[in-house]
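Please treat every number below as a calculation from the coordinates, not as lab data. Everything numeric here is computed off the predicted structure, so don't read it as measured data. Cβ placement follows ideal geometry from the backbone for every residue including glycine, while neighbour counts extend to all protein chains displayed.
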Amino acid sequence: MIACGNALAQDQPSAPTENPSPSPPQTEKKDDSPNPAQATAQKTKAATVYAAEATKKLGTATLVKVRDWESDWLTGPYVGRHRELQPLSAEQRRRIYLQQTLATPGAYFKRMFAAGIDQARGVPSQWDDGWGGYAERFASREGQFISANTLAAWGNAKLKYEPRYDQCQCSGFWPRTRHAILRNFVTYNESEQELRPQIALYGGSFGGGLISTAWKPHPRNAFAEGGRAMLGQAGYGALLNFFTEFAGDINRKLGAKRAAEPRQ
């Protein structure tokens, strides 16, 4: 019986063996690097974004610069209310003279405006009404201003007078306005504490008007030209001082941050 059972066991077919799971097909490794066109597009996009940001920053900086009257860009050199007046050296006077005469845009705007008024009034009448006439009138104003400022700087240096405007250390609109107007007629001597008449400033204005008759069409009254130049200094000087006095307040109304005090 045992042998028969063994035989039957031998005749029974064996269970099929389970085949191993097939391995996944080998795929080639994907190349993640972009093609040249995509790389160029990405670099172009990055460069465009960078340029846009740089342009935005430059535009903001330019706007702040234009707005930043407190940095003497438009008004010319002055002494802030939180700074103490100190006697000037010859080199400091030279730098102030050059900045007031050649490097302050506000002075050019003033001469452009004055030349425009001359153009509208038609004076001198010998110059025409076109662009050529305006160029002559602007050049005349420029020459008169340089002459006047040179004489004023020389006179202030000889007298050791202060050539800059100093902001009022007071508060209130009217006290500050009074200070601005007064400083157009008096300034400090070498002590930086004692006030003296603006002899050099008005002497320079008179001299500049007198010198301008050298290139203006004749006949011209030299003393009348000098007198008109002094009157112009009285009006424009007071207006410029007022503007310089309240430049910081105007700045902050426009949203600009308080600027550093101007250089001495």
Over 30 Å between Cα atoms, which of Lys160/Lys216; Lys110/Lys160; Lys158/Lys253 qualify?
-> Lys160/Lys216; Lys158/Lys253
Packing-based exposure ordering (other Cβ within 10 Å, fewest first) of Phe246, Phe145 | Phe246, Phe145
Could you give the spread of the C-alpha atoms of region 71-253 along their three principal axes, from largest to smallest, in whole angstroms?
-> 50, 40, 27
Hey, fewest Cβ within 10 Å first, where do Leu88, Leu102 land in order?
-> Leu102, Leu88
Using per-residue counts of other Cβ atoms within 10 Å, averaged over each peptide, order 230-242, 112-124 from highest down.
-> 230-242, 112-124
